Amino acid sequence: MEQYPLTGVIVSEQNISNLSHEDRTFEPPADLAAQANVKAGIYDEAAQDRLAFWADAAHRLTWGQDFDEVLDWSNPPFAKWFVGGKLNVAYNCVDRHVENGDGDKVAIHFVGEPGDTRTITYSDLKDEVSRAANAITDLGVTAGDRVAIYLPMIPEAVIAMLACARIGAPHTVVFGGFSSDALASRVDDCEAKLVITADGGYRRGNPSALKPAVDEALDKLGDASPVDHVLVVRRTEQETAVTEGRDVWWHDVVAGASADHTPELFDSEHPLYVMYTSGTTGKPKGILHTSGGYLAQSAYTFWATFDHKPDDVYWCTADVGWVTGHSYIVYGPTANGATQVLYEGTPDTPHKGRWWEIIEQHKVSIFYTAPTAVRTFMKWGEQIPAEHDLSSLRVLGSVGESINPEAYVWYRDNIGGGTAPIVDTWWQTETGAHMITPLPGVTAAKPGSAMTAFPGISAEVVDDSGTPVADGEGGYLVITEPWPSMLRTIWGDDDRYRETYWSRFASQGYYFAGDGARKDEDGAIWLLGRVDDVMNISGHRLSTTEIESALVSHPKVAEAAVVGAADDTTGQAVCAFVILRESAGGGGDDLVTELRNHVAKEIGPIAKPRQVMVVPELPKTRSGKIMRRLLRDVAEHREVGDATTLADSSVMDLITAGMSKPADD
Ligand code: ATP
Ligand code: MG
């Protein structure tokens, strides 16, 4: 079974809510609250009859055959939601909007990195998805077969996913920045019959090839390769090798296919996709999501958490290769008939104001990004967004890790005009959709806290024995009741599913998420980081999130990562890696001392880092999460472990090369 080194309750000398901004609470703007899709009463309503609440959410979808049971939990931890119901996911995301007269509404404003654009209406999307569905059927893919998608952030990524959903072929999307090894292991694990890829995509101003990685991956798998065909989108027009009989071009087979396709109904529990987790803590797990429950919760949360209205323009900056791209670019928004921006490239190409320029141009009103991006913009300085009119923004979202109070306030002030509410959404690949989050028209939000469980979701913070902790205390974050968009298993490994998520609190039947959390005096939830990242310093348990937030609250620091490294005297010692703001003008011994003292002052002497290393970058996954286990390797002078899921593999070399000597007090 997986080991959780934490044996007690997470307690620290002080806590994140003692940091700067702790006394601030942001009430929802009055006009937003008055018009909000969901009002405060929703919590009670959901609590009174959880299953009826989720049945209502599911009935926002169009079912070909209605379900006759909301939840079958007779064989835990294997759930069935909306039992007996039949639907077609792609029909719900596309066709029904066209049938309702919204065919001319824009589904996707695509912005290519070089500056090319495409406007795709719901009618266009229906035709494209139907053509792709016909084409992949002709390539021999039938319901139940797996399809690997390895594409840049171009409309074909969305089209390919919806086409797979339409014919009932579960997709597994592999981030385009991953190596051929990562692709090979995923293709192999879920035995994909088809790979959909592109010649390349644009990244930092240049075409960057993708197809060679597919060739390499399939060569590596050799005779054992399950892949019959590779379908290639032409994006960059670079030289591309074509294997006769195996590879076909999208512009031949999809463009040539019929735009007529009748969506078939599938069971509510029909597999929709397999998504591999980030691998922040270990080997990625192939998380299986199914159709009805997943779509119901991703669609409902999109509508409620972001207060989505028909004329909003939404933009989520995640990659489709991450679960956020699945739930909040593809399925949630399209199920609601939303208009969204899809951007191919990086935030600094060709200049550091690119995102703000896009928001201004398309009048984006709901914006969803990750704390790591916010901290990068903090590092670059507020003069950059200030050059753009961002007044269209009315709701801001954050996902991926805790947003440090300092970054939260910066985001609200500099991007949200000092008024836009921020929804800090806690969820996981495994949970499929939002689980803990403020609601923009309801919640008086505190910077740094994900606040409360979403209506209809039962979250708790418990101690080692599974007993809920009192307000003001910390422990393990658990989910105590099944939810519609929950994972159904780990692909091909029911035992690992049970072991990984359901064994820690088996007697209570709780899902254990892997994260530590704290309830404050008002019962609001503060995420503290993963329990296996929690440090033990002379018997005191310190959370990475708290110390990182303390560092980021220093005016010269933009980003921080903290790990515990083995230490002869204290058991573990705090090692910090920091990225400075550009305005800080470089590091130096004085600054290191200043930062160590700053942490001691903010949290307590016990948290004072043994080392502070100023680094140019931090090792991050595709979703912008810091891979602390790699930093732990550096801090403990070990060879750096498995880094295949790093977004940029050169980062570790930079950090190892710049390692400084430990301080001596
Ligand atoms: P692996 O499980 O393979 O180690 P991972 O956990 O990084 O990878 P994801 O499913 O992408 O993969 O990330 C989910 C995790 O991200 C959560 O368990 C939590 O640690 C963190 N997280 C996501 N959103 C938030 C948030 N709003 N606040 C705090 N933490 C968050
Ligand atoms: Mg995880």
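Since every read-out is calculated from the coordinates, none of them should be taken as a lab result. Quick caveat: nothing in here was measured; it's all calculated off a predicted structure. Positions of Cβ are backbone-derived with ideal geometry, glycine not excepted, and every protein chain shown enters the neighbour counts.
Using the Cβ-Cβ distance between Val83 and Ala52 with R0 = 22 Å, the FRET efficiency computed as 1/(1 + (r/R0)^6) comes to roughly 0.90. For the pair the range 526-558 and the range 160-179, the centres of their Cα atoms are 36 angstrom apart. Taking a ≥ b ≥ c as the square roots of the eigenvalues of the alpha-carbon gyration tensor, the range 564-665 is classed oblate because a/c is 1.5 or more while a/b is no larger than b/c. Working ranking of peptides 334-347, 564-577, 400-413 by packing, defined as the average number of other Cβ atoms within 10 Å per residue, highest first, is 400-413, 334-347, 564-577. Here the calculated FRET efficiency for Ser258 and Arg638, from their Cβ-Cβ distance with R0 = 56 Å, stands at 0.45, rounded to the nearest 0.05.
Within the shell of other residues whose beta carbon sits under 10 angstrom from the beta carbon of Met652, the net charge comes to -4, with Lys and Arg scored +1 and Asp and Glu -1.
Give, as a single signed number, the net charge of other residues whose beta carbon lies under 14 Å from the beta carbon of Gly103, with Lys and Arg counted +1 and Asp and Glu -1. Computed value for this residue: -4. Phi-derived couplings, Karplus 6.51 cos²θ - 1.76 cosθ + 1.60 at θ = phi - 60°, listed residue by residue for the range 362-378: 9, 6, 5, 10, 10, 10, 10, 9, 10, x, 4, 5, 4, 5, 4, 5, 4 Hz, with x used for Gly and Pro. If you line up the long axis of helix 211-221 against the longest principal axis of the chain, both from Cα atoms, how many degrees apart are they, to the nearest 10? It works out to around 90 degrees.
Candidate cross-link partners of Lys446 among the aspartates and glutamates, defined by an alpha-carbon separation under 12 Å and a same-chain spacing of 8 or more, comprise Glu22, Asp23, Glu27, Glu406, Asp424, Asp520, Asp522.
Note the angle between two axes, namely the Cα long axis of helix 405-414 and the longest principal axis of the Cα atoms of the chain, as a number of degrees from 0 to 90, rounded to the nearest 10. It is inclined by approximately 60 degrees. Subtracting the Cα-Cα distance of Asp104 and Glu191 from 0.36 nm times their residue separation leaves 27.5 nm of extension gain. Simple rule: put +1 on each Lys or Arg Cβ and -1 on each Asp or Glu Cβ in the chain, find the dipole, and look at Thr305, Ile537, Pro440; the Cα lying farthest toward the positive end is Ile537.
Contact order normalised by length for the range 538-657, with contacts defined as Cα pairs under 8 Å and 6 or more residues apart; what percent is it?
Numbers: 189 pairs, mean separation 27.2, N = 120.
The normalised contact order for the range 538-657 reaches 23 percent.
Cross-link partners of Lys625 among lysines, defined as those whose alpha carbon lies under 19 angstrom from its own and excluding same-chain residues fewer than eight positions apart: Lys283, Lys285, Lys379.
Sites listed here are GluC sites (Glu not before Pro) in the range 561-652 whose DSSP assignment is loop and whose Cβ has at most 10 other Cβ atoms within 10 Å: Glu639. With the highest mean first, a sort of the peptides 136-146, 29-39 on other beta-carbon atoms found within 10 angstrom per residue produces 136-146, 29-39. Peptide packing: for 219-229, 349-359, the average count of neighbouring Cβ atoms within 10 Å per residue gives the ranking 349-359, 219-229, highest mean first. If R0 is 45 Å, the Cβ-Cβ spacing of Glu244 and Ala566 corresponds to a FRET efficiency of close to 0.20. Residue order for Cys190, Cys93, Cys316, fewest other beta carbons within 10 angstrom first, comes to Cys190, Cys316, Cys93. Along the axis of the charge dipole computed for the chain (Cβ charges of +1 for Lys and Arg, -1 for Asp and Glu, origin at the Cα centre), the listed residues Gly571, Tyr91, Ala459 are led at the positive end by Gly571. Computed extension gain for Glu582 through Asp348, at 0.36 nm per residue and net of the alpha carbon distance, reaches 82.8 nm.
When +1 charges are put on Lys and Arg Cβ atoms and -1 charges on Asp and Glu Cβ atoms, the dipole computed for the chain relative to its Cα centre reaches about 420 debye. Sort out for me the Cα centre separation of the range 416-432 from the range 450-465, rounded to whole Å. Centre-to-centre (Cα) distance: 16 Å. Each part gets one Cα centre, and for the range 591-642 versus the range 238-293 those centres are 38 Å apart. Beta bridges per DSSP, both residues in the chain: antiparallel share near 60 percent. For the range 82-346, the relative contact order is 26 percent, taking Cα pairs closer than 8 Å that sit 6 or more residues apart in sequence and dividing their mean separation by the residue count.
Bridging of Lys39 to lysines at a Cα separation below 18 Å is possible for Lys309, once same-chain residues fewer than 8 apart are set aside.
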